[in-house]
């Protein structure tokens with residue numbers, strides 16, 4: 001069957017590689033960089049990302065206020081720390097009225113502003129390239145998602161074309177040492193592709209859950225509980241409390257007109273922590289507006305993996321929990337869940353060895369593209 005349709009497989013593999021090979025190469029290189037994103041970012045920006053521990057951590061309100069005070073007219077949108085390591089700085093992302101973003105780094109012990117960088121930093125640009133080729137949503141993410149299906153077929157075609165006769169696997173997995181250009185290119189192409197094919201396919205099939213389910217289900221808009229007039233249940237007090245004197249008409253009107261006060265960053269963290277005890281806060285997003293809410297992200301101590309995180313959504317004015325996303329146990333179907341797909345895609349599910357393999361696999365994308373193009377050019381010269 002393979003021999004009968006070999007020409008079809010070859011035509012498909014060759015022309016898909018020629019047409020989208022460069023895009024795949026770009027995605028491979030950017031993906032390799034993102035596998036060690038934190039390590040690369042820290043190595044390039046130690047003055048922003050590392051601090052000297054000195055005393056107790058300041059509160060979240062103090063940290064966000066320090067960033068905002070240094071840049072009047074800018075409002076904290078979210079903050080994060082990459083782990084609970086004591087030498088981690090806090091990154092506070094600020095927005096102005098035009099929703100332009102900048103990243104401000106704060107020493108959580110002294111409240112010293114360590115520096116700033118644009119919202120689209122170098123590493124953030126690499127992330128954008130890998131996520132949507134800087135084409136934006138939804139076009140860019142949809143394009144990358146559809147491309148992933150084509151990549152699976154492309155790599156399967158490559159395996160079919162490489163598959164050796166019985167007893168020839170060892171020779172097909174090694175270089176012969178022949179330096180004749182066309183044969184050398186073919187052997188490099190086949191050997192790199194054969195050794196890493198399973199990782200190429202794994203990287204491809206985990207893309208759809210990341211680009212189409214990466215943001216997760218949007219939480220419902222906050223709705224006050226019936227009869228509630230504030231975060232603690234309204235002016236009537238608790239059901240078992242003592243009776244209160246009825247407020248005057250003027251006081252009732254003023255209370256009805258006054259909007260409820262939003263929770264502070266620390267209050268939101270404390271409120272959400274009831275759903276994730278004995279874990280540390282790594283990220284808080286504050287969304288203003290009619291759907292205003294906090295998203296507070298927790299990890300177990302010493303953990304940073306996306307599959308370990310819990311997300312707690314609460315209204316900006318508190319009073320109830322909208323939704324809680326908790327870690328789920330791994331099953332075969334987990335490959336279609338964003339949390340596990342991200343760790344499989346990056347190799348992090350297998351620790352440092354897995355990340356190293358995916359790092360190498362990503363760098364091999366341009367090798368396959370280059371050797372494939374050279375093979376095609378040499379073949380055309382021979383037939384010309």
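The values are calculated or read from the model by the stated rules, or taken from the named source; none is laboratory data. Values in this document were obtained by computation on a predicted structure and should not be read as measured data. Here the Cβ is made from the backbone with ideal geometry for all residues, glycine too, and neighbour counts use every protein chain on show.
For this structure, a couple of remarks:
- Among (1) in contact with a helix residue (DSSP H, G or I) (Cβ under 6 Å, 6 or more places away or on another chain); (2) within 16 Å of residue 266 (Cα to Cα); (3) part of a helix (DSSP H, G or I) - the single one residue 41 does not satisfy: (2)
- Top-ranked residue of region 289-319 - restricted to ones that are over 18 Å from residue 339 (Cα atoms) and free of Cβ contacts under 8 Å to residues at least 40 places away in the same chain, ranked as nearest to the chain's Cα centre (by Cα): 294
- The residue that is modelled with the lowest pLDDT, among those in region 115-145 that are under 18 Å from residue 207 (Cα atoms) and surrounded by fewer than 13 Cβ atoms within 10 Å (Cβ to Cβ), is 137.
- Take the conditions (1) under 25 Å from residue 90 (Cβ atoms); (2) out of contact with any helix residue (DSSP H, G or I) (no Cβ under 8 Å at 6 or more places or on another chain); (3) in a loop (DSSP other than H, G, I, E, B); residue 283 misses just one of them, which is (3).
- When residues of region 250-278 are limited to those that are surrounded by 11 or more Cβ atoms within 10 Å (Cβ to Cβ) and farther than 22 Å from residue 314 by Cα, the one modelled with the highest pLDDT: 253
- Flag if residue 247 is crowded, with 16+ Cβ neighbours inside 10 Å, at pLDDT below 95 and assigned to a loop (DSSP other than H, G, I, E, B): no
- The set of residues in region 325-367 that are surrounded by 16 or more Cβ atoms within 10 Å (Cβ to Cβ) and within 30 Å of residue 260 (Cα to Cα) contains only 325.
- Number of residues in region 292-318 that are in contact with a helix residue (DSSP H, G or I) (Cβ under 6 Å, 6 or more places away or on another chain), surrounded by 20 or more Cβ atoms within 10 Å (Cβ to Cβ) and under 19 Å from residue 346 (Cβ atoms): the value is 2.
- Inter-residue pairs, beta-carbon under 7 Å, first within 18 Å of residue 98 (Cβ to Cβ) and in region 64-75, second assigned to a loop (DSSP other than H, G, I, E, B), 6+ apart: 68/74; 73/96; 74/96
- Residues of region 150-173 classified as part of a loop (DSSP other than H, G, I, E, B) and touching a helix residue (DSSP H, G or I) at 6+ places or on another chain (Cβ under 7 Å), total: 2
- Just one of (1) buried (at least 16 other Cβ atoms within 10 Å of the Cβ); (2) more than 30 Å from residue 278 (Cβ to Cβ) fails for residue 90. It is (2).
- Test: residue in region 70-77 that is part of a strand (DSSP E or B), more than 22 Å from the chain's Cα centre (by Cα) and modelled with pLDDT of 95 or more: yes
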